[in-house]
Amino acid sequence: MTMTRSSRSVRQHTILGSALAATLLLSGCGAEVESDAKAASEKVTVNRCGEPVEYTIPKRAVAYEGGSADKLFSLGLADHVYGYVMPPANPPVEESPWASDYAKVKMLSDDLLNKEIVVEAKSDFVVAGWNSGFKDERGITPEILDKLGIQSFMHSESCFNYPKYPEKLTPFEALYTDLDRLGKIFQVQDKADEVVGGLKKRVEAVKAQAPKGDPVPVFLYDSGTDQPFTAGNQVPPNDIIKTAGGKNIFDGLDERWTQVNWEAVAKAEPEVIIILDYGDLPAKEKIDFLKKSPHTKELPAVKKNNFFILNYNEGISGPRNIDGLEKFAKYLRELQS
């Protein structure tokens, strides 16, 4: 910077020789090269699902749903977040451990994510899941945003069926991977290491206390009356159940959130039912249905009133998965004591 100011001074004084002017010109070129090199060094290649993508540090990130925002806020990135999109299913952001960070940024919509919201926000980075945020049918995908010059990032747990670039990780590993990758993109790797390390320690503590013997059969009930909507092995509740000492009765399904039939639920005879609780379909209504439905009223879990309520943001990919794990593990331990 000093050399640049000097060169301006030199050009104003004709008494200096051409040799010195040439020297200063070369110095100016050097400064320009140095600036370009610094800009290039701020770019980092990180996988978006199975696809290597080059990123620059985002300044106006948009997060879709609580899991996306929580991941960013847990890494101390509120200053890089412009706003969030929060559909009605999500519980109030005031209930988040990062409520103060939500208060610093804008709520952009209480509807589903779409391209118009992102463009209007002049966003340079969007975080969402595949088919839960990004979706061909709604006209907002990483490929579409790439063409608009807008960076994007997908939750790894949603990548196992992402076209062209699938990636399959267990849900907790996917959570750790996302935090690590976001740490690299925003160049806060030390913070990411700290957060991931803390989450892993909490998971190991739960494992150490898990009940011994045969795992308790557990059914997660999301919604549905004619056919239930539940969790396969590609979403966080599967790891929550398994780590706590239970067994998801549908852990053999290589799916995320999926539809099954009541006959399969009855055959598995779940001893515990996890109710996924969210804004537009409260847990109490679901429990009332299960107690009255001929499909479920004779299930062991229903007859024993063994219902555990899992908060929506503890069930979708995000740091609060581990909060849900600790609560469910405590419930199982007390149930079997």
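Identify all residues within region 300-330 that are over 15 Å from Arg202 (Cα atoms) and free of Cβ contacts under 8 Å to residues at least 60 places away in the same chain; write none if there are none.
Pro300, Val302, Lys303, Lys304, Asn305, Asn306, Phe307, Phe308, Ile309, listed by residue number.
Would you be able to tell me the number of residues in region 280-326 that are hydroxyl-bearing (Ser, Thr, Tyr) and either not assigned by TED's automatic domain parsing to the domain that holds Thr258 or not in a loop (DSSP other than H, G, I, E, B) (or both)?
1
When you scan region 216-224, do you find a residue that is in contact with a helix residue (DSSP H, G or I) (Cβ under 8 Å, 6 or more places away or on another chain) and outside any strand (DSSP E or B), even just one?
Checked against the condition, which is being in contact with a helix residue (DSSP H, G or I) (Cβ under 8 Å, 6 or more places away or on another chain) and outside any strand (DSSP E or B), region 216-224 yields no hits at all.
Taking region 163-178, which residues are within 25 Å of Ile117 (Cβ to Cβ) and surrounded by 22 or more Cβ atoms within 10 Å (Cβ to Cβ)?
Passing the criteria: only Asp178.
Touching a Leu at 6+ places or on another chain (Cβ under 6 Å) and among the small types (Gly, Ala, Ser) - does that describe any residue in region 160-179?
no
Given the conditions (1) in a helix (DSSP H, G or I); (2) of a type in the set (Gly, Ala, Ser); (3) in contact (Cβ under 8 Å) with a residue 24 or more places away in the chain; (4) farther than 22 Å from Gly50 by Cβ, and given that Gly76 satisfies all but one, which numbered condition is not satisfied?
(1)
Answer yes or no: is there a residue in region 243-261 that is in contact with a strand residue (DSSP E or B) (Cβ under 6 Å, 6 or more places away or on another chain), assigned to a helix (DSSP H, G or I) and among the aliphatic types (A, V, I, L, M).
Checked region 243-261: no residue is in contact with a strand residue (DSSP E or B) (Cβ under 6 Å, 6 or more places away or on another chain), assigned to a helix (DSSP H, G or I) and among the aliphatic types (A, V, I, L, M).
The values are calculated or read from the model by the stated rules, or taken from the named source; none is laboratory data. These numbers were taken from a predicted model, which means no experiment stands behind them. Note that each Cβ is placed from the backbone with ideal geometry, even for glycine, and that neighbours are counted across all protein chains shown.
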